[in-house]
Each structure stands twice: as C-alpha cells, then as structure tokens.
1. Using 0.36 nm per residue of separation minus the Cα-Cα distance, give me the extension gain between Leu128 and Ile71 in nm, one decimal.
2. What span do the alpha-carbon atoms of the stretch 62-151 cover on each of the three principal axes, reported in whole Å from largest to smallest?
3. According to the Kirkwood expression over distinct Cα-Cα pairs, how big is the hydrodynamic radius of the stretch 100-159, in Å?
Amino acid sequence: SSDNYDNGDDANPSASMSQSLPFNTRLPPLAMDLTLRYLPFIMPIVAYSTYESTARMFDRMVEFISDNNWIAVDGGQYQAEIITPAINGLVVPSLALLFATLVNNTINTLRQRQLQIRTSLNTEANDLRVLATILDSLPSQLRKAKNHLREYLIQYASR
C-alpha cells in the first residue's frame, strides 16, 4: 500500500514503518517479551508430559497411512533392533555435530555483539569526554550558555 508512505509524515519514519508491518499489531510488545522469555522453559515441560500420547498417535498414523495389516508379535523389538545401528551410527553423531555447530555460531555471534557494544560504549565515552573538554575550554563570558550546555551533557550522560 503506497498510502503508508505518502502520508506526509516524513519526520517520523517509524510511524509509517509500524503501519506497513501488520505483525506489530498482532501481539503487544509486553506479550511478545513474556512469550519469548517463558516459552523456552514451558515447551520442554509440555513436550515431556505429552510424549507418550504423541508417540502413540504418530505410530497409529504411520500404521494407517502404510495400510499395515500385520501385528508385530514381539512388540516392535525387531524394528528397534533394525533401526538402532542406523540411529547410533549416523543420526546421533550428525545431531551432535549439528548442535555443536549451532552452539559455536551462537557463542561467536554473542561475542561479536559484546565486542561491538564495548567499542560503541568506548567511542561514546570518548566523545563525551571531548565534549566536556570543549565545554570547559569555552571563555568565561559565555558562562550562561556554558551552564546550559553542561546541563544538556549531564542529561544525555545520565539517561
């Protein structure tokens, strides 16, 4: 919709952006924050408590889809013996490698963010020191403006 960009509100680009992104209105920020904060703790508990029923339903679905007309007399032990070498030989090491790579990438990304934040904070602190030095070097005739600018600097630094 082009009317989101032609509303004449050039001073506030976030207003047109929030109108063009419909998912911003689906869930309030507080609800999204709470969901992202507690969902990683709730989902494993739900998965653990519903495993038996989910596994049973999946087994029935596979039997229905495959039109299986036989019954395993050993309770599925033969099927487990057939699949065990494949799982232990290929699946488990592959998943271990996959998750190790995922953890490595996550830690690397977080470390890079930390370094970027540290660099940004050091740059901003240095800029504030330079501004304070420039402010102190102003002539004494500009005392009123100097005090006013110092108040701005203190307000900026204290936020």
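Every number in this text was worked out from the coordinates using simple rules, so none of it is lab data. These numbers come from a predicted model, not from an experiment.
1. Length difference between fully extended and current span is 12.8 nm.
2. For the stretch 62-151, the Cα extents along the three principal axes come out at 100, 27, 16 Å.
3. Kirkwood radius, the stretch 100-159: 14.1 Å.
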